[in-house]
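Enquirer: Could you have a look at this structure, given as structure tokens, before my questions?
The values are calculated or read from the model by the stated rules, or taken from the named source; none is laboratory data. This structure is a prediction, so every number in the text was calculated from the model and none was measured. Glycine also receives a Cβ, built like all others from the backbone with ideal geometry; neighbour counts cover every protein chain displayed. For accessibility, only protein heavy atoms count, side chains too; no ligands or nucleic acids. Shrake-Rupley method; radii C 1.70, N 1.55, O 1.52, S 1.80 Å.
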Amino acid sequence: MNFTQIQQLEDRTQVETYKKMHIAVERGEGAWVWTSDGEKYLDLYGGHAVCATGHSHPHVVKAIAEQAAKVLFYSNLVYSEVRARAAEKLVSVAPDGLNKAFFCNSGTEANENAMRMARMATGREKVISFSGGFHGRTADSISATFLGKYREIGKPNVPEHISAEFGNIESVVAVADDDTAAIMLEPIQSMAGVTEADPEFFIELRDLCDRLGIMLIFDEVQTGIGRTGNWFFAGSGAAGGIVPDIISLAKSLGSGVPVGACLVNQRVSAGIKVNDLGTTFGGGMLAMAAITATLEAIEMDNMIENARSIEQYLRDSLVGNSQIRSIRGKGCLLGIEFDGPCSPVHAELLQNRIITGTSSEPNVLRLLPPLCVTTKEMDQFIEVISA
Ligand SMILES: Cc1ncc(COP(=O)(O)O)c(C=O)c1O
């Protein structure tokens with residue numbers, strides 16, 4: 001089918017939920033995708049922050065194909081070597097103390113379970129999250145999402161959600177108390193425009209949680225799995241070295257095979273009993289093979305180091321660009337703040353066959369490239385925005 005035929009068929013048969021780019025992606029390799037019309041695009045949006053290992057990384061493809069031929073799925077009612085190995089591998093790269101995993105299928109589901117586990121561990125209900133944060137579209141996660149219109153879409157909201165101002169510890173202190181189960185945050189608020197907070201903020205949050213017995217949840221659906229130049233934002237210098245009680249993950253975790261996870265510490269896992277949590281597809285063999293292969297590919301190809309070099313390269317290359325006000329973010333989660341709205345730049349890049357993202361901050365263009373993107377590939381982007 002050509003593009004028009006594909007577009008017409010999709011539009012006729014699906015509920016219109018996304019504003020789509022006018023391309024149909026047919027295949028991908030590394031940081032590149034090819035369209036149904038045979039055109040090649042540089043993907044600096046990483047398939048919506050998912051394809052950290054690059055499109056169709058051979059190691060991941062091989063692992064999935066081999067697993068598919070053996071057994072696609074069996075649930076958590078049985079043991080599985082591939083699940084055991086995935087959990088072992090994931091826990092081995094996790095920050096100290098986060099030594100158990102719970103597997104699910106998406107980011108919103110990881111956050112729902114993270115909040116539920118925090119409530120179970122504390123016997124409390126209230127959850128504090130932040131203005132500008134995005135946590136997903138199911139009932140509890142959307143109720144914790146104080147970005148733009150989302151909570152409104154999710155009405156009626158789940159009770160016991162309250163917001164504080166990201167980066168402002170006093171605003172958290174004002175609402176935190178010994179009825180609070182969890183403080184949940186995106187440590188870099190991606191959709192809000194790649195908004196960052198000082199390491200001191202995270203240190204103070206950790207301290208506040210320790211004093212009041214609150215569970216600290218990092219939603220690392222975007223920042224996790226190497227994206228910000230460390231396996232996780234948690235424990236990194238940018239987090240002031242602190243580690244939360246729970247990390248939620250999805251997006252990059254399976255290189256495109258849908259999978260989510262919560263990493264938890266002993267205090268949290270001790271509060272969970274058989275039948276408290278569950279999901280049919282969580283821990284399925286295909287997804288588990290994808291997790292192990294994703295983490296191995298990131299290690300084999302030194303992608304975490306590469307993510308850091310890409311950030312530095314971009315920052316160095318854009319010094320002196322008079323249209324750019326600031327560059328935000330870490331590693332391969334970057335926001336470029338322009339003097340005015342970034343939508344014309346976004347459109348021009350697309351015309352030049354470079355895919356990037358916007359954000360809810362009109363001036364901020366978002367880059368979420370695969371962690372294997374090269375400086376040479378980034379030059380194509382730099383050339384267009386420097387012209
Ligand atoms: C930080 C963050 N948390 C949660 C989610 C929800 O993930 P999913 O779309 O897999 O449910 C997203 C999705 O964009 C996200 O960016």
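Enquirer: Could you check how much of the accessible area of region 232-387 is carbon and sulfur, as a whole percent, using a 1.4 Å probe?
Expert: Values: 2970 of 6030 Å².
Using a 1.4 Å probe with all protein chains present, region 232-387 comes out at 49 percent carbon and sulfur.
Enquirer: Given only helices, namely DSSP H runs of n ≥ 4 each adding -39500 (n - 2.57), what is the per-residue ellipticity at 222 nm of the chain, to the nearest 500 deg cm²/dmol? Before the final figure, lay out the partial values.
Expert: On the way: 14 runs with 142 residues, N = 387.
Calculated mean residue ellipticity at 222 nm is -11000 deg cm²/dmol.
Enquirer: Where only protein heavy atoms count, and the probe is 1.4 Å, what is the accessible area per residue for region 133-243 in Å²? Can you show the working numbers first?
Expert: Details: 3930 Å² over 111 residues.
For region 133-243, the per-residue accessible area is 35 Å².
Enquirer: If R0 is 25 Å, what FRET efficiency do you get for T375 and S322 from their C-beta distance, rounded to 0.05? Kindly include the intermediate steps, with their values, before the conclusion.
Expert: Values: r = 23 Å, r/R0 = 0.91.
Rounded to the nearest 0.05, the efficiency is 0.65.
Enquirer: Among S269, Y313, I246, whose Cα lies farthest out toward the positive end of the dipole of the chain, if unit charges sit on the beta carbon of Lys, Arg (+1) and Asp, Glu (-1)?
Expert: Among S269, Y313, I246, the one farthest towards the positive end of the dipole of the chain is S269.
Enquirer: May I pose another question? Place a +1 charge on the Cβ of each Lys and Arg in the chain and a -1 charge on the Cβ of each Asp and Glu, then give the dipole magnitude about the Cα centre in debye, rounded to the nearest 20. Don't skip to the end; give the middle numbers.
Expert: On the way: 33 positive and 47 negative charges, 169 e Å.
Dipole size: approximately 820 debye.
Enquirer: Please report the orientation-averaged projected area of region 145-203, defined via the convex hull of its C-alpha atoms, in nm². Could you put the intermediate results ahead of the total?
Expert: On the way: hull surface 18.5 nm².
Averaged projected area of region 145-203's Cα convex hull equals 4.6 nm².
Enquirer: What is the chain by shape, rounded, prolate or oblate, if you read a ≥ b ≥ c off the alpha carbon gyration tensor as root eigenvalues and call it rounded for a/c under 1.5, prolate for a/b larger than b/c, and oblate otherwise? Please report the intermediate quantities before stating the final value.
Expert: Details: a/c = 1.57, a/b = 1.21, b/c = 1.29.
Oblate.
Enquirer: Express the accessible area of region 1-68 per residue in Å², computed with a 1.4 Å probe while the remaining protein chains stay in the model.
Expert: For region 1-68, the per-residue accessible area is 62 Å².
Enquirer: A further question follows. Hey, any idea what % of region 1-129's accessible area is carbon plus sulfur with a 1.4 Å probe?
Expert: Numbers: 3880 of 7410 Å².
Accessible surface attributable to carbon and sulfur in region 1-129 totals 52 percent.
Enquirer: If I model a spin label as a point 7 Å beyond the Cα along the Cα-Cβ vector, how far apart are those points for N157 and D177 in nm?
Expert: 1.8
Enquirer: Provide, as a two-decimal number, the C-alpha radius of gyration of region 1-146 over 2.2 N^0.38 Å, N being how many residues it has.
Expert: Details: Rg = 19.7 Å, N = 146, 2.2 N^0.38 = 14.6 Å.
Dividing the Cα radius of gyration by 2.2 N^0.38 Å gives 1.35.
Enquirer: Could I ask something else about it? Putting +1 on Lys and Arg Cβ atoms and -1 on Asp and Glu Cβ atoms, find which of N105, W32, Y45 reaches farthest to the positive end of the dipole of the chain.
Expert: Towards the positive end, the residue furthest out is N105.
Enquirer: Related question: First check a/c for region 195-264, with a ≥ b ≥ c the square roots of the eigenvalues of its C-alpha gyration tensor; if it is under 1.5, answer rounded, and if not, answer prolate when a/b is larger than b/c or oblate otherwise. Present the calculation step by step, with values, prior to reporting the outcome.
Expert: Numbers: a/c = 2.89, a/b = 1.61, b/c = 1.80.
Oblate.
Enquirer: Here is a follow-up. Once label points are set 7 Å from the Cα along Cα→Cβ at both N275 and I203, what is their separation, rounded to one decimal in nm?
Expert: 4.7
Enquirer: Here's a follow-up. Where nothing but the Cβ of Lys and Arg (+1) and of Asp and Glu (-1) is charged, how large is the charge dipole of region 284-387 around its Cα centre, in debye to the nearest 20? Don't jump to the answer; show the numbers that get you there.
Expert: Values: 8 positive and 13 negative charges, 42 e Å.
Dipole magnitude for region 284-387 comes out near 200 debye.
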